[in-house]
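Here is the structure we will look at, set down as structure tokens.
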Amino acid sequence: MSWRNVKLIFMREVLDQLRDRRTLFMVAVLPLLLYPLMGIGMFQMTAIFSEQPRTIVLLGAADLPTDPQLLDGDHFARTWFRISLDAEKLRVIADVDSPATAKLPKDLVERRERLLALSGQMRALLNRRLKLEGEFEQARRANQPQEVLRLEGELQQLNEPLGELFHQNDIQVLIVIPPNFKENLTSLGEELARRGTSEKQSASFDYPRPMIVQNSADEKSVIAHSRVTEVIHEWERKLLLKYLEESGLPRNLPTPVNARAIDLAAADQVSANVWSKLFPSLLVIMALTGAFYPAVDLGAGEKERGTMETLLICPATRTEIVLGKFLTVMVFSASTALLNLSSLGFTGRYMASLAAGGGMASKFGDLSLPPLASLIWILVMLVPLASLFSALCLAFATFARSSKEGQYYLTPLLMVTMGLTVFCSSPAVDIEPFYSVMPVMGPALLLKGLLKSTGPATELYLYAIPVLLTSIGYSLVALWWAIDQFDREDVLFREAERFDVRLWIKHLLRDKEPTPSFTEAGFGFLLILLLQFLSMKSMQTAMQDVTVRASVIIQQAGEMATTKAHDLSAIEIARQMLQVRLVLIQQIALIATPALMMGVMLTTSMRRTFSLRWPGFARVFFALLLPFALHPLSVELLQSLVWFFPKPSPAMEEAFKLMSNKDLPLSLVLLTFAVAPAICEEVAFRGFLLSGFSRAGKTGLAIVLSSLAFGIIHMIPQQVFNAALLGIILGTMCVRSRSLLPGVLFHLVYNSLAILHGRFGEQVSDVGIWGWLFRHEDDALRYQPAMLCLAALAAIGLLHRLTRGTDESTGQTIANTDQDNREPQQTLAKCQAEPHVVHRSTVKVS
């Protein structure tokens, strides 16, 4: 590979992109203008929206006490606001005349009368509602179910006209003062003064209280209600202090605790907390967005412009061309992310300085920019993110026929990335060993922790090694995929096509092939995942209902009043039995059935699709022995990685315990967790999926993809890891033996050993010579190093026998790719060697 050619391709693509004014505007100009404009616009819109005066209607103003005074003309008194100018933001329309109302113009007088009339109708309905609520409470306490239902219906019918009247009223809040409220407050003050100077008495003083009506679905009403509530609270506090002074009681009597809140957060910590939420999310999204459009232009755009052929005849190799394009996309991805971060940082800093005098953003402090060390870490994390997104976008864009199709492919990638970003921005999620090796999540969470930390972050620095290594690994895999796409003529020179659903269905039903295609296998996996997701709700509902049904059975038997421990145990066993049956149904209906149905509908050879061949007695024998060697190794491997995986939820732990529950019949547990998975999962993943993925001619890649699909379907991280590793072994066995049977037997024995290990592991002796092989730790059977060495040697030998190239049943050598999958390539090669011969299976490539 010549780096000079890579440099020439890189310079060509960069200059070509820089000549495009739209690219320059999206990458350089837009980030510098977008955030300042957004900041100013949001600041002004929020201020205008919140500063507009809101209309408050107050009924019963004549019953308000005059000392202290709540109203001042058509506003609340400025005394009740921390900022006196806020009093102008609430305009009060009261049902009493004041000097301010006499000066109102005619149109405002008419509006005032209309609002008061509608509010009077609402007050009548509200009084009716209060009466019904009192009757409802009495009926409920008297245990009168029919009366309760009647009153509930009347209350619901009353809510509709109330809501309509409030909607017709051009107001945000309605305050209703009950009659004689002033006299009641005066009596309360006198009673309080009398009790403060007399002996202790036990009596209560109750009276109707004011009502504050709002519409929480209206943002204007919510803002006005919050301000009115604050005013009423301050006014009420002033009233109480007045009564306490008149009665000779201490002013702090209502707040005997009055705990003092102390905030230890420094200004730089507040700023760090804000940037830790903004910068990682923006870095991920902008790195992907910056790679999005250049990749489409350099991939699918080359096809549309007709310059792909000219590029391919240059002296540079395909790999050098891809590397040049990759570096170009990476430069624009990193530039877009850096410019967006810089613009956001300085805009946020400037907006915070404008609000430093006590505005709405003053709670964020001065929003000082992160220190230099954190800024360096942003650059470090940007490199693997930009490289990963650049390689992925370039691969998708190369696969696309047109720029429009490329955007369709890249949009799901953007949506998935946004979902991961939202997850990482959650305050409850921090960097952990498991998250550190996940794509996108690792760099985002590490950067979030580094930005949030204002002191030494030694523990976080340790995560940088796995984050960078795995991110670079993912980038290399994505880059390899992009190079592979560029090496395929059928990808580079395929033309855009029109899709017709009817013709596609006819094609599937008429032009069947012996085995499924790569796309059909991928669709089969997505279908299984979708069915698993849709069944979660029904399974959860069934699990919640089983306890209720078991309790009803006991109650019908007349034993509910004297429920004993064995009755509760019966309920628990019934619940677990149902859970086991649901797992069994899930295996058959949601995993095996979709694979079998797609095999029947889309293929012509069930035998080749599901590898229904006899592998030979030797492979069967070795497949039965291999689980005994691998089980100790997998148990100890998972135990040694407990620190790495996140702790499973209680529901998941309960599901694990089902296999070792001694109260359940062993035959049912084996059928559910050993026999059913061995058949159903092998039919789906080593049958339909593996044969479909193998159609591309890359058996190794097909094994890896089917193993990943097998692991993902287990959902739980620990199970995903273990199942993916075992899936590689199962896939290799299936490909080498060209039979599904060794995998089924291996799967059956392996799961059976796991069940027996959980059930009877405590009974295995670790005394004497057995102590060299076994030990008990945390009430579980564990394996000694000697046992692990023996198991490893046995596993190596058995794997060699199972995966070697000679088929024991036929004596023929089996290549990495299935002979059946090489037939189209052989036919095409024969056509090229003999152009005068026309074969029916020849495919025309444009």
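Of Val720, Val764, which residue is among the β-branched types (Val, Ile, Thr), touching a helix residue (DSSP H, G or I) at 6+ places or on another chain (Cβ under 6 Å) and on the phi < 0 side of the Ramachandran plot?
Numbers: Val764 fails: touching a helix residue (DSSP H, G or I) at 6+ places or on another chain (Cβ under 6 Å).
The match here is Val720.
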#### Entry: Index of the failed condition, Glu320 passing every other in (1) free of Cβ contacts under 8 Å to residues at least 60 places away in the same chain; (2) closer than 15 Å to Ser2 by Cα; (3) among the acidic types (Asp, Glu)
(1)
#### Entry: Filtered residues of the stretch 80-108 (kept if in contact (Cβ under 8 Å) with a residue 12 or more places away in the chain and among the polar types (S, T, N, Q))
Ser98, Thr101
### Task
Filter the stretch 383-408 for residues that are within 14 Å of Leu492 (Cβ to Cβ) and open to solvent by less than 10 Å² (accessible area, probe 1.4 Å) and give the result.
Leu394, Ala395, Ala397, Thr398, Ala400, Gly406
### Message
Can you find a residue that is of a type outside the set (Gly, Ala, Ser), farther than 15 Å from Thr55 by Cα and either part of a strand (DSSP E or B) or open to solvent by less than 60 Å² (accessible area, probe 1.4 Å) (or both) anywhere in the stretch 167-176?
### Response
no
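What residue, of Glu199, Glu230, Glu236, Glu190, is surrounded by fewer than 16 Cβ atoms within 10 Å (Cβ to Cβ), at pLDDT 85 or above and within 22 Å of Gly248 (Cα to Cα)?
Details: Glu199 fails: at pLDDT 85 or above; Glu230 fails: within 22 Å of Gly248 (Cα to Cα); Glu190 fails: at pLDDT 85 or above.
Being surrounded by fewer than 16 Cβ atoms within 10 Å (Cβ to Cβ), at pLDDT 85 or above and within 22 Å of Gly248 (Cα to Cα) holds for just one of Glu199, Glu230, Glu236, Glu190, which is Glu236.
Quick check: is even one residue across the stretch 470-492 under 30 Å from Ala266 (Cα atoms), touching a helix residue (DSSP H, G or I) at 6+ places or on another chain (Cβ under 7 Å) and of a type outside the set (Val, Ile, Thr)?
Pass one, the stretch 470-492, residues under 30 Å from Ala266 (Cα atoms): none.
No - not one qualifying residue is present in the stretch 470-492.
Among the residues of the stretch 298-311, are any at pLDDT 85 or above and either of a type in the set (Lys, Arg) or farther than 30 Å from Glu236 by Cβ (or both)? Don't jump to the end; show me each part of the working.
Taking the stretch 298-311 as the starting set, the residues that turn out to be at pLDDT 85 or above are 298.
Checking the rest, the ones that are also either of a type in the set (Lys, Arg) or farther than 30 Å from Glu236 by Cβ (or both) come to 298.
Yes - at least one qualifying residue is present in the stretch 298-311.
Out of all the residues in the stretch 202-216, which are outside any strand (DSSP E or B) and at pLDDT 80 or above?
From the stretch 202-216, those outside any strand (DSSP E or B) are 202-210, 214-216; that's our starting set.
Once the filter is applied, which keeps residues that are outside any strand (DSSP E or B) and at pLDDT 80 or above, the stretch 202-216 yields Tyr207, Pro208, Arg209, Pro210, Gln214, Asn215, Ser216.
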### Qualifying residue in the stretch 119-134 (condition: open to solvent by 80 Å² or more (accessible area, probe 1.4 Å), assigned to a loop (DSSP other than H, G, I, E, B) and of a type outside the set (A, V, I, L, M))
no
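Would you please name the residue that is least open to solvent (accessible area, probe 1.4 Å), looking only at residues in the stretch 598-647 that are basic (Lys, Arg) and in contact (Cβ under 8 Å) with a residue 40 or more places away in the chain? Quick ask: steps written out before the conclusion?
At the first step, the residues of the stretch 598-647 found to be basic (Lys, Arg) are 607-608, 613, 619, 647.
With in contact (Cβ under 8 Å) with a residue 40 or more places away in the chain added as a condition, the list becomes 608, 613, 619.
Numbers: Arg608: 57, Arg613: 48, Arg619: 3 Å².
Among them, the one singled out is Arg619.
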### Summary
Pairing a residue in the stretch 732-749 that is closer than 10 Å to Arg686 by Cα with any residue that is among the acidic types (Asp, Glu) and crowded, with 24+ Cβ neighbours inside 10 Å, where Cβ atoms lie under 6 Å and the two sit 6 or more apart in sequence or on different chains, gives Leu740/Glu682; Gly743/Glu682; Val744/Glu682
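Just a yes or no: is a residue in the stretch 274-285 surrounded by fewer than 14 Cβ atoms within 10 Å (Cβ to Cβ), modelled with pLDDT under 85, β-branched (Val, Ile, Thr) and out of contact with any Cys (no Cβ under 7 Å at 6 or more places or on another chain)?
No, there is no match, as no residue in the stretch 274-285 is surrounded by fewer than 14 Cβ atoms within 10 Å (Cβ to Cβ), modelled with pLDDT under 85, β-branched (Val, Ile, Thr) and out of contact with any Cys (no Cβ under 7 Å at 6 or more places or on another chain).
What tally of residues in the stretch 69-78 results from selecting those that are in a loop (DSSP other than H, G, I, E, B) and surrounded by fewer than 17 Cβ atoms within 10 Å (Cβ to Cβ)? Give the derivation first.
In the first step, residues of the stretch 69-78 are kept if they are in a loop (DSSP other than H, G, I, E, B); the result is 69-70, 73-74, 77.
Remaining after also requiring surrounded by fewer than 17 Cβ atoms within 10 Å (Cβ to Cβ): 69, 73.
Count: 2.
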### Task
Answer yes or no: is there a residue in the stretch 400-420 that is assigned to a helix (DSSP H, G or I) and touching a Gly at 6+ places or on another chain (Cβ under 7 Å).
yes
#### Entry: Boolean, His776 is in contact (Cβ under 8 Å) with a residue 12 or more places away in the chain, under 23 Å from Met659 (Cα atoms), open to solvent by 20 Å² or more (accessible area, probe 1.4 Å) and not in a helix (DSSP H, G or I)
yes
### Query
Could you say which residue among Gly248, Gly299 is in contact with a helix residue (DSSP H, G or I) (Cβ under 6 Å, 6 or more places away or on another chain) and on the phi > 0 side of the Ramachandran plot?
Gly248
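The values are calculated or read from the model by the stated rules, or taken from the named source; none is laboratory data. These numbers come from a predicted model, not from an experiment. Quick reminder, even Gly has a Cβ in these numbers, built from the backbone with ideal geometry, and neighbours come from all protein chains shown. Side chains included, ligands, DNA and RNA excluded: accessible areas come from the protein's heavy atoms. Shrake-Rupley method; radii C 1.70, N 1.55, O 1.52, S 1.80 Å.
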